[in-house]
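Read the structure below first, then the notes.
The values are calculated or read from the model by the stated rules, or taken from the named source; none is laboratory data. Just so it is clear, the structure is predicted and the values come from calculations on it, not from any experiment. Counting neighbours? That spans all protein chains shown, and the Cβs are built from the backbone with ideal geometry, glycine included. All accessible areas refer to the heavy atoms of the entire protein, side chains included, with ligands and DNA or RNA removed. Shrake-Rupley method; radii C 1.70, N 1.55, O 1.52, S 1.80 Å.
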Amino acid sequence: QAIPPEAQVQIKSRLRDIRQVQGAFRAFGWEEAYLTSYLIAAILIYLSLIGFLIVLSRLFDALYEAPRPLRRAAPFVALLFLPAFFRYSNYLYDFPVLMLFTLGLLLMARRRWLAYLIIFTMACLNKETTILLTLVFVIHFWHSTLRNASYVVLIACQLVLFGAIKLSLIYFYLDNPGSLVEWKLGYNA
């Protein structure tokens, strides 16, 4: 909707003639009417994966002492394991939340709390399972020096942010079909 119709027509006419694009449409059963949407989704996925590699590399550096070749190879090894998690279905928001969740872990490791809460908010807007980042926070900092008033305040901030986002989403999508929570644990067993 944000792209002007004239620009969409130009994009579609240029991409329609590319053999690889035609092959992707046949392979995935895509509809040509949504070519611009597919292009935007592909760019978003690609940028999210690149961001994930960069953030994971920095997280690895923050947590481990290792030779430089191992530190540089670790994110790519992790990327090789991603297809193992593509068992039942994948959505556009999966790759951005992977990057945002990993960035949340990095900010948590560096104790950059304002940036962490901003990323936490963005990740919660993207996918509700981001609340698991709070669980990691609680477990990781349970016995540390952070377990004082700031520890409780940070947990409360995360719970309030998540609650406000969840309630807002429930309100805005109240008329949509479906349940408030989907039980997906069986898919991961």
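Some observations on this one:
- Residues being open to solvent by 40 Å² or more (accessible area, probe 1.4 Å) and under 24 Å from the mean Cα position of the chain (by Cα) - total across region 4-37: 4
- All positions within region 108-129 that are in contact with a Ser or Thr (Cβ under 8 Å, 6 or more places away or on another chain) and either within 14 Å of residue 169 (Cβ to Cβ) or not in a helix (DSSP H, G or I) (or both): 123, 124
Residue by residue, here is whether (1) under 27 Å from residue 43 (Cβ atoms); (2) modelled with pLDDT of 95 or more holds:
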| site | (1), (2) |
| --- | --- |
| 94 | yes, no |
| 103 | yes, yes |
| 107 | yes, yes |
| 112 | no, yes |
| 128 | yes, no |
| 157 | no, yes |
| 174 | no, no |
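- Qualifying positions in region 30-76 - touching a Ser or Thr at 6+ places or on another chain (Cβ under 8 Å) and free of Cβ contacts under 8 Å to residues at least 40 places away in the same chain: 71, 72, 74, 75
- Selection status of residue 56, part of a helix (DSSP H, G or I) and either more than 22 Å from residue 137 (Cβ to Cβ) or open to solvent by 80 Å² or more (accessible area, probe 1.4 Å) (or both): no
- Condition check for residue 136: at pLDDT 90 or above, open to solvent by 40 Å² or more (accessible area, probe 1.4 Å) and farther than 21 Å from residue 94 by Cα: no
- Failed item, numbered, when residue 40 is tested on (1) more than 30 Å from residue 151 (Cα to Cα); (2) aliphatic (A, V, I, L, M); (3) open to solvent by 80 Å² or more (accessible area, probe 1.4 Å); (4) modelled with pLDDT of 85 or more: (4)
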